[in-house]
1. Which ³J(HN,Hα) values, rounded to whole Hz and listed in residue order, are derived for the range 63-75 from phi using the Karplus coefficients 6.51, -1.76 and 1.60 in 6.51 cos²θ - 1.76 cosθ + 1.60 with θ = phi - 60°, glycine and proline given as x?
2. Give the angle, between 0 and 90 degrees and rounded to the nearest 10, that separates the Cα long axis of helix 53-62 from the longest principal axis of the Cα atoms of the chain.
3. Using only the alpha-carbon atoms, how far is helix 31-43 inclined from the longest principal axis of the chain? Give it as 0 to 90 degrees, nearest 10.
4. Using the Cβ atoms and a cut-off under 12 Å, what net charge is assigned to the surroundings of residue 84, where Lys and Arg are +1 and Asp and Glu are -1?
5. Provide the gained length on full extension for the span residue 16 to residue 29, in nm with one decimal, where the gain is 0.36 nm per separating residue minus the Cα-Cα distance.
6. How much length is gained if the chain between residue 79 and residue 55 is pulled fully straight, taking 0.36 nm per residue apart and subtracting their Cα-Cα distance, in nm to one decimal?
7. At R0 = 30 Å, how high is the FRET efficiency between residue 48 and residue 94 if r is their beta carbon distance? Nearest 0.05 is fine.
8. Under a GNM of the chain (C-alpha, springs under 10 Å), which listed residue has the highest mean-square fluctuation: 74, 15, 47?
Amino acid sequence: MQYACADYQRLLAGHCIIPSMSRQGDCWDNAPQERFFGTLKGELVPHLGRLPRKDARREVFDFIEAFYYRQRLHSSLGYLSPADFGRLSAVTAA
């Protein structure tokens, strides 16, 4: 596994980065990130075309902050946006 090799681990440590790795062969550990990037690629990337890098970065930021986090409904959150779910969780926890 390339992420566990000693050279890579030293490079991370040299930049004060602590990798997030769990049990070998546990495919479910990365599932939320894979799901997000699949959504990003499926819903945004086809509409970007060949934008200059700075414009593409802005579009990705807007997709995440304005749409995915604040507007897009998630079935795993009871069809709430992550922002609404977070607010509701904070109110019920108080």
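What follows draws every value from the coordinates through simple rules; no lab data is involved. What you see is a predicted model, and the numbers here were worked out from it, not measured in a lab. Backbone-built Cβ (ideal geometry, glycine too); neighbour counts: all protein chains shown.
1. 4, 5, 6, 8, 9, 4, 7, 9, 10, 5, 7, 10, 4
2. So the helix axis and the longest Cα principal axis differ by about 60 degrees.
3. With rounding to tens, the tilt is 60 degrees.
4. In short, +3.
5. Separation in residues times 0.36 nm, less the Cα-Cα distance, equals 2.5 nm.
6. Working: separation 24, 0.36 × 24 = 8.64 nm, distance 3.03 nm.
Residue separation times 0.36 nm, minus the Cα-Cα distance, leaves 5.6 nm.
7. Efficiency, rounded to the nearest 0.05: 0.15.
8. 15
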